[in-house]
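Q: Let me begin by handing over the structure; questions about it come next.
The values are calculated or read from the model by the stated rules, or taken from the named source; none is laboratory data. Source: prediction; values computed, not measured. Note that we place each Cβ from the backbone using ideal geometry, even for glycine, and neighbour counts take in every protein chain shown. Keep in mind that these areas ignore ligands, DNA and RNA; they rest on the heavy atoms of the full protein, side chains included. Shrake-Rupley method; radii C 1.70, N 1.55, O 1.52, S 1.80 Å.
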Amino acid sequence: QSPSSSLQTLTVRGGAKNNNPNDSFLEHNPSYQGTTLGDLEQRNFIPTANNNHQQMVSYQNTPSSRYTSSSQPKPMTQIISDFMSKLHSTSPLLHNGIITILVLFLAWQIPSFMPILRNHFVCSRYNILQKKRLHALVLSTLSHATFTHLALNMYAFITFGLSTQQILQRCNLPIWPFVVGAAIAGSLTFLLANPQGSCIGLSGVTLAMLAFNAMNNPSKELGFVIYFVPIRLAAQHALTLILCMSVLGTLGQKVGSAAGGNVAHATHLGGLLFGIGYYEALRREWLTRYRPRCLRWVVWKRWLGLVR
């Protein structure tokens, strides 16, 4: 910009200045009609001393900038609520099962509820054979002893339950017969292998789902954490490993060995065998070709009044 009132349009020529003393970095170009450096300064594209000060004050007074985010995460209660709503829309059985398991776990913490829970929510020869409480074969799977036991089974129930339901839905089969059958198979296997003692927990059902998924997709990788060590195995190898551990654990408890521990290995074994057998029945089309009326969604929808 010249000292006079008239403006001269200038362009900047890049590169180093040559040895010619008459040469200049600036050259006159009266026909240039583009943007000048002055225009860029007026539009704040080129920071000046005043602009730098204003920008610094703006960053200091503003709690967020382009390097920080002002958005806050969702509250944990909202995350849980959204998850449960989505789970209910996807699988009402898994949703209602999780809620029932949580309620029963809280009920086990109240001493006044203990007699009722022991009589109807524990699998034992006394309840099943002597008192003829056959419903305990299924209801015992809803009870859990510790929070760790509860958390592991709930995680496995949701993870493998959703994939199991997807497979069965493709064949137009509901998931509830699978869950009930796995619960009964695990409980009966425990009663056959253990004349004494009792068992509770959803492990038989969750392992049946694991076996069913492993048979359907043997190459799928599954992640486990054993003594804080993460391990990833192909589903087929994981199924073989867990099956061997369940057989050895059941035999160890049968002979009274301490190697069996307090884990209901027979229940696990019964669930695994049920999951394998259910997949084979599905693969051979026994469940779709010769399925009884109780396995058909149409019958249950009519019974519930959903369709006519």
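Q: Under the Karplus relation 6.51 cos²θ - 1.76 cosθ + 1.60, θ = phi - 60°, what is the ordered set of whole-Hz ³J(HN,Hα) values for the stretch 105-114, x standing for Gly and Pro?
A: In residue order, the calculated couplings are 4, 5, 5, 5, 7, 9, x, 5, 8, 4 Hz.
Q: Between Leu192 and Trp286, what length comes free when the chain is fully extended (0.36 nm per residue of separation minus the Cα-Cα distance, one decimal in nm)? All intermediate terms of the calculation are to be shown ahead of the outcome.
A: Numbers: separation 94, 0.36 × 94 = 33.84 nm, distance 2.71 nm.
The Leu192-Trp286 span can extend by a further 31.1 nm.
Q: If r is the Cβ-Cβ distance from Asn217 to Leu248 and R0 is 35 Å, what FRET efficiency results, to the nearest 0.05?
A: 0.85
Q: Where in the stretch 152-229 are there chymotrypsin sites (Phe, Trp or Tyr not before Pro) that are in a DSSP coil and have at most 10 other Cβ atoms within 10 angstrom of their Cβ?
A: Numbers: sites: Tyr155, Phe157, Phe160, Phe178, Phe190, Phe212, Phe224, Tyr227, Phe228; in loops: Tyr227, Phe228.
Answer in residue order: Tyr227, Phe228.
Q: Follow-up. Cβ neighbours within 10 Å, averaged per peptide: list 167-175, 119-127 in order, most packed at the top.
A: Ranked from most to least packed, the peptides come out as 119-127, 167-175.
Q: With each pseudo-label sitting 7 Å past Cα toward Cβ, what's the Ile116-Ile80 distance in nm, one decimal?
A: Here the answer is 2.3 nm between the modelled labels.
Q: Sort the stretch 155-270 into rounded, prolate or oblate with this rule: let a ≥ b ≥ c be the square roots of the eigenvalues of the Cα gyration tensor; rounded if a/c is under 1.5, and if a/c is not under 1.5, prolate when a/b is larger than b/c, oblate otherwise. Can you show the working numbers first?
A: Details: a/c = 2.29, a/b = 1.33, b/c = 1.72.
Because a/c hits 1.5 or more and a/b fails to exceed b/c, the stretch 155-270 counts as oblate.
Q: Order of 199-211, 87-99 by packing, highest average Cβ count within 10 Å first?
A: 199-211, 87-99
Q: Output the Cα-based Rg and Dmax of the stretch 164-218 in Å, rounding Rg to one decimal and Dmax to a whole number.
A: When restricted to Cα atoms, the stretch 164-218 yields Rg and Dmax of 13.0, 42 Å.
Q: Leaving out ligands, DNA and RNA but keeping every protein chain, what accessible area does Glu280 have, in Å² rounded to the nearest 10, with a 1.4 Å probe?
A: Probe radius 1.4 Å; accessible area of Glu280 about 50 Å².
Q: When only C-alpha pairs under 8 Å and at least 6 residues apart count, what is the relative contact order of the stretch 107-247, in percent?
A: 24
Q: Please give the per residue accessible area of the stretch 60-173, computed with a probe of 1.4 Å over protein heavy atoms only, in Å².
A: About 64 Å² of surface per residue is accessible.
Q: What ³J(HN,Hα) values, in whole Hz, does the Karplus curve 6.51 cos²θ - 1.76 cosθ + 1.60 give for the stretch 120-134 when θ = phi - 60°, with x put for Gly and Pro?
A: Residue by residue, the stretch 120-134 yields 10, 10, 9, 8, 8, 5, 5, 6, 7, 8, 7, 8, 6, 8, 5 Hz.
Q: Quick one: if you take sqrt(5λ) for each eigenvalue of the C-alpha gyration tensor of the stretch 128-215, what semi-axes come out, biggest first, whole angstrom?
A: 24, 16, 11
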